[in-house]
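Computed from the coordinates by the stated procedures, all read-outs in this text should not be read as laboratory data. No experiment lies behind these values; they were computed from the predicted model shown. Reconstructed Cβ throughout: ideal geometry from the backbone, glycine too, with neighbour counts over all protein chains shown.
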Amino acid sequence: MGEIIIAGMIGLILGIAAGFQLRTFLLKRSAAYKHISSSGKKADADREAKGIIREAEILARMEVLKAREEFEASIRDQRKQVNDTMTALNKREEVLT
């Protein structure tokens, strides 16, 4: 009977040790999975951020180009007005002389 108790105690101790080892293994595996998963999420976020930055840069360039075209059109209009005024003044000067 004493042998059965000793065998039971040894079995219990071995079971606890095996359970502890299994728990440690599973926790390490879970931590590694979380690390891999978070690394993938970080890479996805980095790619998305780069895409957003690229899109913002393109939109900014388009706005600059549009503003430049508007400015150049405005300058052309002003030059035309100055030329028209100069032509009118020259005609008046010829009439007066």
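Worth a mention:
- Residue within region 82-97 that is of a type in the set (Asp, Glu) and surrounded by 10 or more Cβ atoms within 10 Å (Cβ to Cβ) present: yes
- Any hit, region 71-86, residues being hydrophobic (A, V, I, L, M, F, W, C) and within 28 Å of the chain's Cα centre (by Cα): no
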